[in-house]
1. Taking only segment 2-25 into account, find how many residues are surrounded by 15 or more Cβ atoms within 10 Å (Cβ to Cβ), among the hydrophobic types (A, V, I, L, M, F, W, C) and out of contact with any helix residue (DSSP H, G or I) (no Cβ under 6 Å at 6 or more places or on another chain).
2. Being in contact with a Lys or Arg (Cβ under 9 Å, 6 or more places away or on another chain), at pLDDT 90 or above and loosely packed, with under 14 Cβ neighbours inside 10 Å narrows it down to one residue among Ser61, Ser57, Ser28; which is it?
3. Within segment 31-49, how many residues are without any contact (Cβ under 8 Å) to a residue 12 or more places away in the chain and surrounded by fewer than 11 Cβ atoms within 10 Å (Cβ to Cβ)?
Amino acid sequence: MPHRRELKVFIVSDQHPTQSPQAGPSLSVEASSLEGLRAAAQAAIRAAGYMQERALSFTPSGLVAYVWAR
């Protein structure tokens, strides 16, 4: 049974990293295992055009990622 989670993305300004992150897209990620969700989330982040995440965490309701601005 595949594991599906909602990935909420927040964008951190690379020019002003101390400012509050801006809400970005919500993405759906799916993997065959819970361990695979991290890799699936990283792939979804790259597919959305963000080259590097600053942090990626599991939450009780899904995943949350902070990414650098494009």
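The values are calculated or read from the model by the stated rules, or taken from the named source; none is laboratory data. Predicted model only: the values in this text are computed from it and were never measured. So basically every Cβ, Gly included, is an ideal-geometry build from the backbone, and we count neighbours across all protein chains shown.
1. Qualifying residue count, segment 2-25: 4.
2. Details: Ser61 fails: at pLDDT 90 or above; Ser57 fails: in contact with a Lys or Arg (Cβ under 9 Å, 6 or more places away or on another chain).
On inspection, the qualifying residue turns out to be Ser28.
3. Final tally of qualifying residues: 2.
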